[in-house]
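The values are calculated or read from the model by the stated rules, or taken from the named source; none is laboratory data. Fair warning: this is a prediction, and the values are worked out from it, not measured in the lab. A quick note on method: Cβ atoms are made from the backbone with ideal geometry, for glycine too, and the neighbour counts reach across all protein chains shown. Accessible surface areas use protein heavy atoms only, side chains included; no ligands, DNA or RNA. Shrake-Rupley method; radii C 1.70, N 1.55, O 1.52, S 1.80 Å.
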Amino acid sequence: IVSAGGAGRKQRIPDVDPSLLRLPLQEGDLVEVFRRAGGGQWVAATVAGAQPRRATLTGYHVRLRAGGKSLGPVPASRLRRRFPEGSPVAAYLGPLRGWQPAA
């Protein structure tokens, strides 16, 4: 359990489970964007260019893999990281086991 608070935030949130934390997205990160059109679907994209300092609050700029169309700002709640098959990943398995390699 850790205390969380972003850069520039005066508020600290104690006792946050590390499995609930994620780092802000950065240029070049592989993501999927939830597009509401056509009944809703997740589509592959990449975080495009330098992001605003508060992108987690104001939205990210992304480029769709298919067609290269730019979107933004896209709320963080409509983005998820994308891991192509075979990518190294880790999973948080609790305070005793910590972060462990996963498939």
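In region 81-101, the residues that are under 24 Å from Glu27 (Cα atoms) and aliphatic (A, V, I, L, M) form Cβ pairs under 7 Å with partners that are open to solvent by 100 Å² or more (accessible area, probe 1.4 Å) and in a loop (DSSP other than H, G, I, E, B), at six or more places apart or across chains, as follows: Val89/Phe83. Restricting attention to region 1-57, report how many residues are in a strand (DSSP E or B), at pLDDT 85 or above and over 16 Å from Ser70 (Cα atoms). Total satisfying the criteria: 1.
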